[in-house]
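Here the structure comes first, spelled out in structure tokens, and everything after it is commentary.
The values are calculated or read from the model by the stated rules, or taken from the named source; none is laboratory data. Quantities reported herein were computed from a predicted structural model and do not represent experimental measurements. In this analysis, Cβ positions are derived from the backbone assuming ideal geometry, glycine residues included, and neighbour counts consider all displayed protein chains.
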Amino acid sequence: MTDTSLVCGVDEVGRGPLAGPVVTAAVILDPNQPIEGLNDSKKLSEKRRQELEPIIKQRALAWSLGRSEVEEIDQINILQATLLAMKRAVEGLKIAPTHALVDGNKAPDLACPVTTIIKGDQSEPAIAAASILAKVARDREMVEMDKRYPGYGHAQHKGYPTKQHQQALMDLGVTPIHRRSFKPVQLALK
């Protein structure tokens with residue numbers, strides 16, 4: 001951790017799903033406005049994430065979302081699409097960070113120094129805040145996709161490869177929001 005306050009936390013949501021974009025967030029927290037209860041978004045209830053989202057947006061010095069669409073994921077692979085979405089999130093910040101803390105073990109190509117931290121969303125508040133913003137944004141979008149593509153259960157599983165989702169792929173076919181480079185989707189195309 002550096003001694004400057006312009007450190008951004010970066011995290012992603014949606015590497016594993018069969019459908020939808022990968023969404024990332026970058027957050028620079030204000031050290032003078034700490035936020036209670038930040039944690040890995042997967043360890044918080046949906047209700048708690050939704051409560052924290054506006055607080056993070058209000059108190060952070062800067063925040064930004066990034067994304068890679070299904071077509072990009074299929075063209076460049078999910079890892080490269082995730083790193084690209086992270087870069088987009090950081091570049092979208094209204095304040096340029098002096099350092100980025102990235103959840104995981106792969107670093108996006110950024111203009112500032114990057115430190116990767118495995119399980120960083122459990123140890124670094126800025127990464128936890130980013131994980132919450134990314135998860136709430138992506139989940140909200142997948143609920144909308146459930147209305148557009150009924151029968152797949154996106155509002156429940158958010159595009160992840162549950163048995164219900166994989167069965168719906170076989171029964172209903174592949175939609176434009178499905179990742180064609182992912183094996184269960186490829187199987188449904190045959």
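Odds and ends about this structure:
- Within region 167-176, restricting attention to residues that are free of Cβ contacts under 8 Å to residues at least 24 places away in the same chain and assigned to a helix (DSSP H, G or I), the residue that is surrounded by the most Cβ atoms within 10 Å (Cβ to Cβ) is ALA168.
- All strands (runs of 3 or more DSSP E) inside region 61-138 with 1 or more residues being over 30 Å from THR175 (Cα atoms) and within 12 Å of the chain's Cα centre (by Cα): 99-103
- One residue stands out in region 123-152 among those that are more than 30 Å from GLN166 (Cβ to Cβ) and touching a residue at least 40 places away in the same chain (Cβ under 8 Å): the one that is surrounded by the fewest Cβ atoms within 10 Å (Cβ to Cβ), namely PRO125.
- Qualifying residue in region 81-91 (condition: surrounded by 20 or more Cβ atoms within 10 Å (Cβ to Cβ), under 23 Å from PRO113 (Cβ atoms) and polar (S, T, N, Q)): yes
- Single residue of region 177-190 satisfying the filter (of a type outside the set (A, V, I, L, M, F, W, C) and in a loop (DSSP other than H, G, I, E, B)) that is surrounded by the fewest Cβ atoms within 10 Å (Cβ to Cβ): LYS190
- Screening GLN156 against (1) crowded, with 18+ Cβ neighbours inside 10 Å; (2) in a helix (DSSP H, G or I) leaves a single unmet condition, (1).
- For region 17-61, residues that are at pLDDT 95 or above and either of a type in the set (Phe, Trp, Tyr) or under 16 Å from VAL102 (Cβ atoms) (or both) total 8.
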